[in-house]
Amino acid sequence: MDFSFTAYEEEFQLDLTQRLARILPKNWQDESYVINNSNEKWLHLAEEITKDLSKDRLLTLAWPKKYGGLEETNLKQTIFNHVISYLAAPINNIAGIQWIGPTLMMHGNEEQKTIYLPRIAEAIDKWCMLYSEPTAGSDLASLQTRAIKNGDNYIINGQKLWSSNANFANLGLLAARTNPEAPKHKGISNFIVPMDSKGISINPIEDINGNKNLNEVYFDNVIVSAKNLVGHENRGWYQMASSIDFERSGVGAFSNAKRNIEKLVTIIKDNPNIAKNKKSARDDIADRWIELNTGFNLAFKIPLLQDAGINPTYEASVSKLYGAELTQKIAQTGMSILGMDGQLKNNSVKYSAADNYLASVANTIASGTSEIQRNTIANQGLGLPR
Ligand SMILES: Cc1cc2nc3c(=O)[nH]c(=O)nc-3n(C[C@H](O)[C@H](O)[C@H](O)COP(=O)(O)OP(=O)(O)OC[C@H]3O[C@@H](n4cnc5c(N)ncnc54)[C@H](O)[C@@H]3O)c2cc1C
């Protein structure tokens, strides 16, 4: 398989890199290691960049034109995601762009698609994904939040957890139980929920890096119009499975890893004393570099399969698992090379290995844990028994 980009794709990558470089502050990548993604600077920059990219429909470039896209290839969308992550460019509404928009496109009715999709493309709305609950993460189908039909409305009660950016979102895609009598996979429905609805309360949770964009979301007799039901009642589980599958390449983990490895290489070249007595530093960096290149091949294979009309299944789990674990290995390599220096936020080498180390912890949990990815690979990829 040929993984090289065409001249057109190379040009797109370069143009996008230059466009973002004009907006991002000088040395932003250095600052991005310590900056908190819920602080004013990050939020302001995310607003500016997301609006700028939306003007040319770049956020949704693989979407149909009638919903605000450009009908470009999945590969080009993956190159876009790669550049954004490599430059650590702040972007709003990742959930809307990468998961919820494609879910509405597949399962929403025409009215919902016409209303909501162009607003994602134009960077008007910000969405959050309201799936996980305190006792329903890997086993999502056991979720307890209830939606009871009442005339032309549903009444929602329950609690969601780990809802990324719910505190900044104006819309949420909610999974709730509509039939408690049915087997657990067959009694769930999905709803579009305005986040300012009466009865919703949002409680941000601070993560180990000090970010405040994870949330608990409580629903206390929240009224949602039946028009906001997505697809058929009680078929929500099948929609959720497909929404988790969107943006399947997981290229961002490798792009992020590339930036980190390059930074470590530059630090060692500029400060040979740092790695002087650490015999394994060169070997470790060389190993990470090999793994990175293996990873890019895994990630870019996904859009190539999609563009060839093949639906990737376990391949996406391979890429997600490998990428998440690689980011943690690189973070560990950074800690061992920088030693005590790495634990300082504003050190002389402008690289907080500790912040990067802490940030990498969630990568093997979010969007499905590594154990769940291994289950998928074993079952679907290798045909092993459950
Ligand atoms: C940064 C971050 C952002 C997130 N954003 C969102 C969001 O926007 N919206 C949302 O709805 N959710 C979100 N989540 C939640 C995420 O999807 C869940 O945390 C994840 O699915 C794991 O669920 P859990 O935390 O309940 O852990 P559990 O499912 O309780 O798992 C605990 C441990 O048991 C293991 N385990 C569980 N079942 C099995 C099994 N069958 N086989 C082997 N091992 C198993 C797990 O791998 C894990 O190690 C986010 C999580 C994080 C960390």
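The values are calculated or read from the model by the stated rules, or taken from the named source; none is laboratory data. Every value quoted in this text rests on a predicted model; they were computed, and no experiment measured them. Here the Cβ is made from the backbone with ideal geometry for all residues, glycine too, and neighbour counts use every protein chain on show. SASA here: full protein model, heavy atoms, side chains in, ligands and nucleic acids out. Shrake-Rupley method; radii C 1.70, N 1.55, O 1.52, S 1.80 Å.
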> Given only helices, namely DSSP H runs of n ≥ 4 each adding -39500 (n - 2.57), what is the per-residue ellipticity at 222 nm of the chain, to the nearest 500 deg cm²/dmol?
Replying inline: -14000 deg cm²/dmol
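If you keep only loop residues by DSSP, which trypsin sites (Lys or Arg not before Pro) in the stretch 218-314 have at most 13 other Cβ atoms within 10 Å of their Cβ?
Details: sites: 227, 235, 248, 258, 259, 263, 269, 276, 278, 279, 282, 288, 301; in loops: 235, 248, 276, 278, 279.
Taking the stretch 218-314 and a limit of 13 other Cβ atoms within 10 Å, the loop trypsin sites (Lys or Arg not before Pro) found are 276, 279.
Please report the projected area of the chain's Cα convex hull averaged over all directions, in nm².
Working: hull surface 79.3 nm².
Computing the convex hull of the Cα atoms and averaging its projections yields 19.8 nm².
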> Along the principal axes of its C-alpha atoms, what lengths does the stretch 184-307 span, in descending order and rounded to whole Å?
Replying inline: 64, 38, 23
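If you average 1/r over all unlike Cα pairs in the stretch 127-235 and invert the result, what Kirkwood radius do you get in angstrom? List each step's numbers first, then the result.
Working: mean 1/r = 0.0722 Å⁻¹.
The Cα-based Kirkwood calculation yields 13.8 Å.
Tell me whether the stretch 1-145 comes out rounded, prolate or oblate; compute the Cα gyration tensor, take square roots of the eigenvalues as a ≥ b ≥ c, and use a/c under 1.5 as the rounded threshold.
On the way: a/c = 1.65, a/b = 1.22, b/c = 1.35.
Judged from the Cα gyration tensor, the stretch 1-145 comes out oblate (a/c at least 1.5, b/c at or above a/b).
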>> Suppose a student asked you for the relative contact order of the chain, using Cα pairs under 8 Å spaced at least 6 residues apart; what percent would you report?
In response: 15 percent
>> Using a Gaussian network model on the chain with a 10 Å cutoff between Cα atoms, which of 150, 356, 215 fluctuates the most?
In response: 150
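For residue 40 and residue 336 in one chain, what is 0.36 nm times their gap in residues minus the Cα-Cα distance, to one decimal in nm?
Numbers: separation 296, 0.36 × 296 = 106.56 nm, distance 3.20 nm.
Length difference between fully extended and current span is 103.4 nm.
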>> Give the separation of the Cα centroids, the stretch 324-386 to the stretch 47-84, in Å.
In response: 28 Å
>> Only bridges whose two residues both fall in the stretch 104-173 count here: according to DSSP, what percent of them are antiparallel, nearest 5?
In response: 65 percent
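I need the Kirkwood Rh of the stretch 76-190: take the reciprocal of the average 1/r across all distinct C-alpha pairs and report it in angstrom. The partial results should precede the final answer.
On the way: mean 1/r = 0.0637 Å⁻¹.
Hydrodynamic radius (Kirkwood, Cα pairs) of the stretch 76-190 is 15.7 Å.
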>> Give me the Å³ per residue figure for the convex hull around the C-alpha atoms of the stretch 245-386.
In response: 114 Å³
> Per residue, how many Å² of accessible area does the stretch 7-92 show with a 1.4 Å probe?
Replying inline: 47 Å²
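What fraction of the DSSP beta bridges in the chain is antiparallel, stated in percent and rounded to the nearest 5?
Working: 29 of 34 bridges.
Close to 85 percent.
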